[in-house]
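Please read the structure below before turning to the comments.
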Amino acid sequence: MLEKISSFPFSHLIRNKSIQNFIFLVIIQASNILISLISMPLLIQSLGVDQFGLVNLALSVIILLNILVGFGYNLSGPREVAIQQGNKEQLSHLFSNIISSKILMAACASLLILIGVYVLDLFKEYQTILVFSCLLLFSEATLPLWFFQGMEKMKLISITNVFSKLLFLMGIVLFIHHPEQAKWVNFLLGGSGLAINLLLLLYVHYEMEIRFYKPRFAQVFHSLKENSLLFLSNLATHVSTNGGLIILSFFSVAATLGMFSLAERITMVLRMLPSLIIQAIYPNASKLYHDNLPHFFNFLKKTYLIALLLGIGLSMFTFFTAGFIVEILAKERLEEAILFLKILAFVPFLACLNIINVTMLLVTDQKDQLFKASWQICIYMLIASVGLTSQLGGIGLCIALLSTEVVIFLICTILIYKNNKVLYYGFQKALFGSHHHP
């Protein structure tokens, strides 16, 4: 038995591109979380709680507008790049169109902020901070993560991401010392990211021999039109996953909001697992779907079983260590937060159930089905959250969020069954050995 275990080809496993993609995506997310945890006490000490809150409020506005900047290319881009991997001419046109489109969207989003601040006089408490935060929109626009995902070359971009976050941390230490310097925090974050992204674009041009073509606006607008459903899907998904706290604010006191916010932040980190797995396998799954359907289903089966094992392991670990996790982060035992976290601990596992459904919708480019699913889920989440939260408070919201994950799985499964029975039965046969036919 020991000999069999010791002879397992781990080196072959590590060389698997999907696993490498997953590892490097984990490195990117882990570095983002770590730098956030390190910078938080530094910023609070330098700016004070009030200005720190305004910086984060401005950042939340930018994150929402970054959905407009991304415009679904983070989903469609890797698939298109993976399909055209060996064709540098097509890759060059694709790269130029997507970068141009994202920069155009960043300019539009910045214009919206400037109109809101200087024409409509909105965001009164943090207008200057928000205007300086606009650089983050162009940092998002120039980030070629989607390209390196599709090329399955994630090592470089994971290293540069860590480096850009370290630059930001160094900027905080060197330049942020007083509350009136709050406007520079998000500017530093955007500036460090933009500088590294420009170096990555030079690398893509000179080392990977991808040419930059002058954008043809007809092609850019056609590309945006093609991605409009993915953009709306992302918007609905953002509301579904991040709207809970806003709903809770209508029914609960500030203390409960704080307790739920702590538990939700931990859950959002854990929920990255299924997202990272989808991003990691997406390029290879796209190629297999077009080249070899039986291998595609076999690949999905292996991925699904591993994902479910990781998901249940992570959920059970979080459930049994909820008290310890909350005490470490809050420096005291907050019983309500622990209860919320124990309920939400099962979100990662339930989210893992839908990994294959989302992958199949993406590789088959079913933007219309993703759009339908996203908005159906968003409507369900809003109705369930308002109904249960009004009756049960924070616990009701936790139950609503858990049920939303189950409904996501059911809706996506039904959509695939109704619209692509070949995919549905093909995966069922690979997973269960079933011989049923559509």
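One table, with the values for the structure above:
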{"read-out": "Set 91, 25, 59: member being farther than 25 Å from residue 291 by Cβ and not polar (S, T, N, Q)", "value": "59"}
{"read-out": "Residue among 174, 136 that alone is at pLDDT 90 or above, under 24 Å from residue 50 (Cα atoms) and crowded, with 21+ Cβ neighbours inside 10 Å", "value": "136"}
{"read-out": "Subset tally (residues that are open to solvent by 80 Å² or more (accessible area, probe 1.4 Å), closer than 27 Å to residue 80 by Cα and of a type in the set (Lys, Arg)) for region 290-347", "value": "1"}
{"read-out": "Condition check for residue 265: modelled with pLDDT of 80 or more, farther than 20 Å from residue 76 by Cα and open to solvent by 50 Å² or more (accessible area, probe 1.4 Å)", "value": "no"}
{"read-out": "Matching option when the condition is open to solvent by less than 40 Å² (accessible area, probe 1.4 Å) and more than 30 Å from residue 262 (Cβ to Cβ), among 77, 70, 48, 86", "value": "77"}
{"read-out": "Condition met for residue 66 (free of Cβ contacts under 8 Å to residues at least 12 places away in the same chain and of a type outside the set (A, V, I, L, M, F, W, C))", "value": "no"}
{"read-out": "Test: residue in region 130-139 that is of a type in the set (Gly, Ala, Ser), over 17 Å from the mean Cα position of the chain (by Cα) and assigned to a helix (DSSP H, G or I)", "value": "no"}
{"read-out": "Yes/no for residue 152 being crowded, with 18+ Cβ neighbours inside 10 Å and at positive phi", "value": "yes"}
{"read-out": "Filter result for residue 324 (free of Cβ contacts under 8 Å to residues at least 60 places away in the same chain, farther than 24 Å from residue 77 by Cβ and aromatic (Phe, Trp, Tyr))", "value": "yes"}
{"read-out": "Scope region 111-126; condition in a helix (DSSP H, G or I), surrounded by fewer than 19 Cβ atoms within 10 Å (Cβ to Cβ) and at pLDDT 90 or above; matching residues", "value": "111, 112, 114, 115, 116, 117, 118"}
{"read-out": "Condition met for residue 267 (farther than 30 Å from residue 337 by Cβ, of a type outside the set (A, V, I, L, M, F, W, C) and assigned to a helix (DSSP H, G or I))", "value": "no"}
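Okay, residues lined up against (1) more than 22 Å from the chain's Cα centre (by Cα); (2) assigned to a helix (DSSP H, G or I); (3) not β-branched (Val, Ile, Thr):
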{"site": "149", "(1), (2), (3)": "no, yes, yes"}
{"site": "153", "(1), (2), (3)": "no, no, yes"}
{"site": "156", "(1), (2), (3)": "no, yes, yes"}
{"site": "162", "(1), (2), (3)": "no, yes, no"}
{"site": "170", "(1), (2), (3)": "yes, yes, yes"}
{"site": "174", "(1), (2), (3)": "yes, yes, yes"}
{"site": "177", "(1), (2), (3)": "yes, no, yes"}
{"site": "180", "(1), (2), (3)": "yes, yes, yes"}
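The values are calculated or read from the model by the stated rules, or taken from the named source; none is laboratory data. Keep in mind that what you see is a predicted model, and the values were worked out from it rather than measured. So basically every Cβ, Gly included, is an ideal-geometry build from the backbone, and we count neighbours across all protein chains shown. Side chains included, ligands, DNA and RNA excluded: accessible areas come from the protein's heavy atoms. Shrake-Rupley method; radii C 1.70, N 1.55, O 1.52, S 1.80 Å.
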